[in-house]
1. Hey, T153 hits all of (1) touching a residue at least 12 places away in the same chain (Cβ under 8 Å); (2) of a type in the set (S, T, Y); (3) open to solvent by 10 Å² or more (accessible area, probe 1.4 Å) but one; which does it fall short on?
2. Could you list, in sequence order, all residues of segment 65-82 that are small (G, A, S), within 16 Å of V123 (Cβ to Cβ) and surrounded by fewer than 24 Cβ atoms within 10 Å (Cβ to Cβ)?
3. Which residues, counting only those in segment 213-260, are under 19 Å from P172 (Cα atoms), crowded, with 18+ Cβ neighbours inside 10 Å and among the polar types (S, T, N, Q)?
4. Suppose we filter segment 171-187 for residues that are open to solvent by 10 Å² or more (accessible area, probe 1.4 Å) and either modelled with pLDDT under 95 or part of a strand (DSSP E or B) (or both); how many remain?
5. Return yes or no: is T27 more than 24 Å from N166 (Cα to Cα) and either at pLDDT 95 or above or not basic (K, R) (or both)?
6. Within segment 33-52, how many residues turn out to be touching a strand residue (DSSP E or B) at 6+ places or on another chain (Cβ under 7 Å) and either outside any loop (DSSP other than H, G, I, E, B) or over 18 Å from T268 (Cα atoms) (or both)?
7. So the check is Cβ under 8 Å with 6+ separation or different chains; which pairs have a first residue in segment 267-294 that's aromatic (F, W, Y) and a second one that's at pLDDT 95 or above and not in a loop (DSSP other than H, G, I, E, B)?
8. Inspect all residues belonging to segment 131-148 and state whether any of them is surrounded by fewer than 18 Cβ atoms within 10 Å (Cβ to Cβ), within 27 Å of Y56 (Cα to Cα) and more than 17 Å from the chain's Cα centre (by Cα).
Amino acid sequence: MSQVSGVWDVTIGLESDPLRDLAEFRTWANGLDHPEGVAEGPDGTIYAGGELGQVYRIAPDGTAQQIGMVDGFALGLALDADSNVYICETSTHSVKKVTPEGVVSNYTSGVPGRAFVNPNYPVFDAEGNLYITDSGHWGGKDGCILVVRPDRTTELFSEGVPAFPNGLALSPDGQWLYVVASELPGIVRVAIEPDGSAGTVETVVELPKNVPDGIAFDAEGTLYIACYAPSVVYRFGTDGVLDVLGYDWQNTQLAAPTNIAFTGPQRTTMVIGSLSRWHLTTIEMEIPGLPMRFPKLG
């Protein structure tokens, strides 16, 4: 793929690079309601959200069970060690906690004086800190990142990624928070200092003419990037090479791909949300996904 002045010309790559055969991508868990958020639970089970606030638990055979309901569009989600789901939703502009029995409670609505505008995606670290993007308004450059500490205190973590911060992933060593900046467009990372504060903000890769949405690492440190538009999943290696894992110009199999998770006995099944349709998409990978962190909270 071409690179000019440090910025990847991904539009050239979509036309000229050999694309992975879309036949390798499979429809899984059909019948969902425009699933954007998708995440793995502590036992390897996949969870997803729906447009009307549905919270789904997906069996290995792809059968979906609705275990709860939040007030608005269910966006990104994360789970703790007890399989409680923490899910960003759009109606009350909050992060809700949904127990395995479906009991819903408010986990956070933002910080005093700065309520959530558009809570979008959460991710836990091993200590139980829950990082959450507030995307702000599209075009407003008013996004930020909050963190809920294990004692339930919500703090402003960083205002250093204002361009619609979206999906999140912790680096394999836990020292960086990788952030999708949908309006950059590209991926940045924020250093997590020893005291838990935000440090340096660095641009990782720019993706002109794309709208990146979700990210996930594999066990070797490769970063996978799902783009809402066009319908493409990129692979960004530790060597700095960006290539295309899959591109669907028809927007049917990879249909506005959003969040990414891994599942399966070896964690080699990649699961991708399909915001514009009714299914999750899977593909078998050679390298397993990076294990998630499932903290035990009080």
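The values are calculated or read from the model by the stated rules, or taken from the named source; none is laboratory data. Keep in mind the model is a prediction, meaning the values are calculated, not measured. All Cβ positions, glycine included, derive from the backbone under ideal geometry; neighbour counts span all protein chains shown. For the accessible areas, the whole protein counts, side chains as well, though only heavy atoms, and no ligand, DNA or RNA atoms are used. Shrake-Rupley method; radii C 1.70, N 1.55, O 1.52, S 1.80 Å.
1. T153 satisfies all of (1) touching a residue at least 12 places away in the same chain (Cβ under 8 Å); (2) of a type in the set (S, T, Y); (3) open to solvent by 10 Å² or more (accessible area, probe 1.4 Å) except (1).
2. Within segment 65-82, A81 is the sole residue that qualifies.
3. T222, N259
4. First, the residues of segment 171-187 that are open to solvent by 10 Å² or more (accessible area, probe 1.4 Å): 172-176, 178, 183-185.
Narrowing the set further to residues that are either modelled with pLDDT under 95 or part of a strand (DSSP E or B) (or both) leaves 176, 178.
Matching residues across segment 171-187 total 2.
5. Details: more than 24 Å from N166 (Cα to Cα): yes; either at pLDDT 95 or above or not basic (K, R) (or both): yes.
Against the criterion (more than 24 Å from N166 (Cα to Cα) and either at pLDDT 95 or above or not basic (K, R) (or both)), T27 qualifies.
6. Of all residues in segment 33-52, those touching a strand residue (DSSP E or B) at 6+ places or on another chain (Cβ under 7 Å) come to 33, 35-42, 44-50.
Next, only the ones that are either outside any loop (DSSP other than H, G, I, E, B) or over 18 Å from T268 (Cα atoms) (or both) stay: 33, 35-40, 46-50.
Residues meeting the conditions: 12.
7. F294/L79; F294/F124
8. Let us first name the residues in segment 131-148 that are surrounded by fewer than 18 Cβ atoms within 10 Å (Cβ to Cβ), namely 137-142.
Right, trim to within 27 Å of Y56 (Cα to Cα) and you get none.
Taking every residue of segment 131-148 in turn, none turns out to be surrounded by fewer than 18 Cβ atoms within 10 Å (Cβ to Cβ), within 27 Å of Y56 (Cα to Cα) and more than 17 Å from the chain's Cα centre (by Cα).
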